[in-house]
Amino acid sequence: MNGKLSDGLVGSLVGGRYRVAARLAMGGMATVYLATDTNLDRDVALKVLHPHLSQDPAFAERLEQEAKAAARLSHPHVVAVLDRGHDGDVFYLVMEYVPGRNLRQLLDEHGALAPRQALALIDAVVDGLAAAHAAGLVHRDIKPENVLLGDSGQIKVADFGLARAVTTSTTSGVTMGTVAYIAPELVQRSGGDERSDLYSVGIMLYELLTGHQPYRGDLPVQVAMQHATRDVPPPSDLLPGLSPELDELVQWACARDPEDRPVDAEALLGEIRHIRTHLSDAQLDLHAAQTQHLPHPAPGHTEMLPAGRTEVIATAAQRTSVIPAGPATTAREQRRRDREAARRTAAAAATPTRTLGPGRSRRRGAVWAAVIIVLAVVAALAGWFFGVGPGAAATVPPVKDLTVDQARPLFDRAGLSFSTQDVFDDTVTTGLIVDSTPPPGTQIRKFQGVSVLVSKGPQLFPLEDLRGKSLDDAKAAITAAKNTVGAVKEAYDDTVPAGIVLSQDPGSGTPLRHGSTVALTVSKGPQPIPVPRVVGMPQSQALAALRAAGLDPQVSSDEVNDRTIPKGSVAAQDPSPGTTLTKGGAVTLTVSKGPRMVHVPSFVGKQVGQATDALRQLGFDVRVENILGGFFGTVRAQDPVDKDVPEGSVVTLTVV
C-alpha cells in the first residue's frame, strides 16, 4: 500500500495485519481508526500519525522508545499499547479498543458532576498515572479527551508516550499540550515531570466539579499565560456549598510551583481516597447530576501487583505525603504531615541502630536466609497467581451468534468463567449470544469472569388502539412506539367525522416488535348522495325512488294545480335534482292537483279576433276553422261552449 493518510485507508490492510474498518476520530497528532487484528481476530484502535510527524526521523526514533515503554505498562486504568510499526510512509500505533465515549463527551452531555462522581473518575485517572509514573512514563497531555469511558464501566487513560514523544521532538512544548490543562512550567518552557500531569488532573477535577475550565481567553496564549501568572481559584466560587477539602484538593494539585504540589501521584491518590471516605453523603452528592451509570470504585482498595515488585497501597488514613510547612495548618496539611512522619518512622525502624558483633553473625545469616526464603515464596506465589493462576491474563473469546453450549468450550480453553443474562434483541435469534461484557478481544484476569448476554428474541409491545384518533395523532402514536406508518386509505362513513381513524392493520393489542408497519383507514365522512329527479312521477313511485337512494322523502300538505302534471303526481321537489345530500337527507315533494277548471263562455256571433284573445287570456289554446274562407270573420259555432274544462284545453271556433 502507498500509505497516504486519507479516508482511503478505510478497507485497507495496514502492516499486513490490521484491516481498517472505519475512522473514529481525528486529532492534532493522529487519526484514529477502528481496525481488526486479522491475526488474533479482535478489534483494535489504530492510531495513524499525521505526515508531518511520521516523516520526522528524530520523532520516529523517540516514539519507538516511548511506545516500547508504554507497551510494558499493564494497568486496568491505562489503555494498553499492543503494537507499533510503519507501512510505507504510514507510522502507526496499535492500542486496545475501548468502545464507549470519552470524558469530554460526558461533560458536554451532563455538565458539572456531583463530587462523588467526579472523585470516582479522578481516582481511576490518578491510579493509572501512578502506575505510569512508576514505569517512567509522563503523559504531558492529560485532558478529558484522553480519558476513555468504556461501555462496560472501564475508565482508561489513553495516549501514554505519544504526547511526550511529540513534545520532545518539537521546539515548543506549549503548543503540543492542550492549553486549557497545561502546567505553568511547560508554559515557561522550564521542563516538566510527573507533577505536570498532576496539575492537569487538578484542572480536570475543577472542570468536573464546576462544569467550566478555570481560565478562558480569545487566544491560546492568553489562556497559557493565566496558568503561569495566576492561582487557580477555588471551585466553590462557582459551586457554593462545596466542601472546603475539595477546594484544598484542587488548589493543591494546581499549585503554580511544582514543589507545592503532591510529591507524586500516590500522594494525590491517597488524599482523594481519604476525602471520599470522610466526606458526608450530602457533601458528596451536592447538586448530584443524573449520572448514576458512572463507576464508583471503593475508596482505599488494595490491588495486587506483579511478582518482583512489592508495594502496599494502604487506606487513605495510612498514606503519607510531604507539603511545605506554612503559618496556618489545615486539616489536610496535618494529615499529610502525619503520613510523612509515619513514613520517616517506618524508614527509621528499618535502619539498624547498632553493629552486630562477630558472635551474632550466624544469627544474622539465619535472619537474612529466612527473609530471602519468604521473599522467594511471595515471588513464587505472585508469579503463579499472575502467570497461570486466577490472576493470569486471558482474552475474552468471540461468542456472538453461538449458543451457550457452543460458547462453553471456548471459555474453558481461555480459563474464564462466565454467567448468562437474558436480553431482548431484534436481530439475534432466540437462544443465541448477543454479546459479552467485557467485549470479545478484551484482556482480563481469569478471576474476573465474563457476563454473556443471551437473546430472548425481539421485545414485543402491544399495539395501541388508534381508532377514534385524528390522523395526525395516530401517526404520532405510531412513531412514539418506534413503529412505521404504513399505507393510509380513506373510506366514507356515515357516523365518523372526516379525518378520524376508522380501522388499523394490525389491530389494537397485537404484539409487535419495534419498526413494524401499521396501516390506517381514515374516514372521509358521510358519502354524498345526488338527489334523483322525481318531478312528474306518481307520488308512490317518487317516494320509493328517494328512499332507495338513502334519502328521507317528505310530502308537502299543500297541493298545486299544474296544467302539465296529472293529479297525484309530483309537481315540484326541494332540493332540486342533482343537489348532493348525505344519507338520510330530507327531500320535500309537492303533489299536483291536476290542471285548474275554467268556464268557457260563448263567443258565437262575435268576431274571431275578439274571441281568440279572450279565450287565450283565460288560458285556453284556440283552434280556428274557416268556412268559405271565413270571409265575414264571424264565429258561427264554438266547441266547447258554456262548460268548465281544464285549463289549457283546446277551444275550436268555426268562422264564416
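Computed from the coordinates by the stated procedures, all read-outs in this text should not be read as laboratory data. These figures come from a predicted structure and were not determined experimentally. Every residue, glycine among them, receives a Cβ derived from its backbone with ideal geometry; neighbour counts consider all protein chains shown.
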Practice task
Could you list which residues have their amide H under 5 Å from that of LEU551, counting only those 5 or more apart in sequence or on another chain, with H placed in the peptide plane?
Solution key: GLY584
Practice task
Hey, can you grab everything whose amide H is under 5 Å from the amide H of ARG42? Only 5+ residues off in sequence or another chain; H modelled, so Pro and N-termini drop out.
Solution key: ASP37
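What order, most packed first, do the peptides 554-561, 458-465 have when packing is the mean number of other Cβ atoms within 10 Å of each residue?
The most tightly packed comes first, giving 458-465, 554-561.
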Completion exercise
Listed by chain and number, the residues whose amide H is under 5 Å from that of SER503, excluding neighbours fewer than 5 places away on the same chain and using placed H, are THR521
Practice task
Could you state, as a whole-number percent, how many of the C-alpha pairs of segment 7-96 are farther apart than 18 Å?
Solution key: 42 percent
Practice task
Please work out whether segment 595-651 counts as rounded, prolate or oblate from its C-alpha gyration tensor, where a ≥ b ≥ c are the square roots of the eigenvalues and a/c under 1.5 means rounded, while otherwise a/b larger than b/c means prolate and anything else oblate?
Solution key: prolate
Handout entry: Sum of side-chain charges, GLY550 neighbourhood, beta-carbon under 10 Å (Lys, Arg +1; Asp, Glu -1)
Key = 0
Practice task
Find how much the distance from GLN443 to VAL371 grows on full extension, using 0.36 nm per residue of separation minus their present alpha carbon separation; answer in nm with one decimal.
Solution key: 22.5 nm
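Which FRET efficiency, nearest 0.05, do ASP108 and ARG547 yield, Cβ-Cβ r, R0 45 Å?
Efficiency, from the Cβ-Cβ distance: 0.05.
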Completion exercise
Pairs over 25 Å Cα to Cα, from LYS475/LYS583; LYS47/LYS143; LYS456/LYS489; LYS567/LYS606, come to LYS475/LYS583; LYS456/LYS489; LYS567/LYS606
Handout entry: Estimated FRET transfer efficiency (ALA481, GLN213; beta-carbon r; R0 30 Å; 0.05)
Key = 0.10
